[in-house]
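For reference, the structure is listed below as structure tokens.
The values are calculated or read from the model by the stated rules, or taken from the named source; none is laboratory data. In this text, all values refer to a predicted model and were calculated from it rather than measured experimentally. Neighbour counts are summed over all protein chains in view; Cβ atoms, including those assigned to glycine, are modelled from backbone coordinates with ideal geometry.
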Amino acid sequence: MSTVIGLTGPTGAGKSSIMPLAEKLGFFTVDCDKVAREESKNKEMLKSLANFFGDDIIKNGELCRKTLAQRAFSSPENTEKLNEITLPFISAKIMEIIKEKDKVILDAPTLFESGLHKICTATVCVLADENLRKTRIKKRDDLTEDAANARLVAAKTDEFFVSNCDYIVYNNGERDMFLKNAEEILKKFI
């Protein structure tokens, strides 16, 4: 594994919009949320989640993501506990997936929380106006106003990402400019 780009940012900023572009540029892409959904079938992880968040987050042997999300995003402490339980399983799976790849981009909302930033050649953050992000996640995840607000409050601040990422790309509605800026950054690693 020679080049790993960590793509991160707050929910609803538009990180996933960069992935098709990255593929065209020859990057092997990893959707860390998808890996997380696959790992949610891991019995050991489910048991740990149920021990903390309650047995009713599991129905018919499967994770009830909506119930878990309501509890996990109800406070920063609960969000931290969710990450503490799940991220080691998810990170291990991601490391297994990318171990023999040449150019990789990780779409990783929890890049820093998971420790995956430590393996990255560079970190790129996508930021967007909070009201725009709220609108996007309400539509994408079919959330109520309160649920969307809870997710936004539980997330790292824009200042955190600006302070910790190598590159910042803004996605406030000018899609062509957003993708052009992202492409310029990614081409530095080809």
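Counting only helices (runs of 4 or more DSSP H) that sit wholly inside the range 53-123, those with at least 1 residues that are in contact with a strand residue (DSSP E or B) (Cβ under 7 Å, 6 or more places away or on another chain) are 76-98, 111-114. Tell me, yes or no, whether the range 1-15 has at least one residue that is closer than 17 Å to GLU100 by Cα, of a type in the set (A, V, I, L, M) and surrounded by fewer than 17 Cβ atoms within 10 Å (Cβ to Cβ). Yes, the range 1-15 contains at least one residue that is closer than 17 Å to GLU100 by Cα, of a type in the set (A, V, I, L, M) and surrounded by fewer than 17 Cβ atoms within 10 Å (Cβ to Cβ). The residues of the range 1-49 that are in a helix (DSSP H, G or I), under 17 Å from GLU183 (Cα atoms) and not acidic (Asp, Glu), listed by number, are LYS15, SER16, SER17, ILE18, MET19, PRO20, LEU21, ALA22, LYS24.
Residue count for the range 148-168 under the criterion of being under 14 Å from ARG133 (Cβ atoms), at pLDDT 90 or above and not in a loop (DSSP other than H, G, I, E, B): the result is 5. Among the residues in the range 93-114, are any closer than 30 Å to ALA182 by Cβ and in contact with a His (Cβ under 8 Å, 6 or more places away or on another chain)? Looking through the range 93-114, at least one residue is closer than 30 Å to ALA182 by Cβ and in contact with a His (Cβ under 8 Å, 6 or more places away or on another chain).
Given PRO76, PRO20, which one is in contact (Cβ under 8 Å) with a residue 40 or more places away in the chain and either out of contact with any Phe, Trp or Tyr (no Cβ under 7 Å at 6 or more places or on another chain) or under 20 Å from ALA155 (Cβ atoms) (or both)? Full working, then the answer.
On the way: PRO20 fails: in contact (Cβ under 8 Å) with a residue 40 or more places away in the chain.
Testing whether each residue is in contact (Cβ under 8 Å) with a residue 40 or more places away in the chain and either out of contact with any Phe, Trp or Tyr (no Cβ under 7 Å at 6 or more places or on another chain) or under 20 Å from ALA155 (Cβ atoms) (or both) leaves just PRO76.
For the range 23-34, taking the residues that are under 16 Å from the mean Cα position of the chain (by Cα) and under 19 Å from GLU100 (Cβ atoms), the one that is surrounded by the fewest Cβ atoms within 10 Å (Cβ to Cβ) is identified as ASP31.
Somewhere in the range 171-186, is a residue in contact with a Ser or Thr (Cβ under 6 Å, 6 or more places away or on another chain), surrounded by 15 or more Cβ atoms within 10 Å (Cβ to Cβ) and not in a strand (DSSP E or B)? The answer is no; no qualifying residue exists.
Filter the range 130-146 down to the residues that are buried (at least 17 other Cβ atoms within 10 Å of the Cβ) and of a type in the set (A, V, I, L, M), then identify the one that is nearest to THR110 (Cα to Cα). Ranking the qualifying residues of the range 130-146, first place goes to ILE137. Only a single criterion out of (1) of a type outside the set (Gly, Ala, Ser); (2) outside any helix (DSSP H, G or I); (3) within 16 Å of ALA13 (Cβ to Cβ) is not satisfied by THR135, namely (2).
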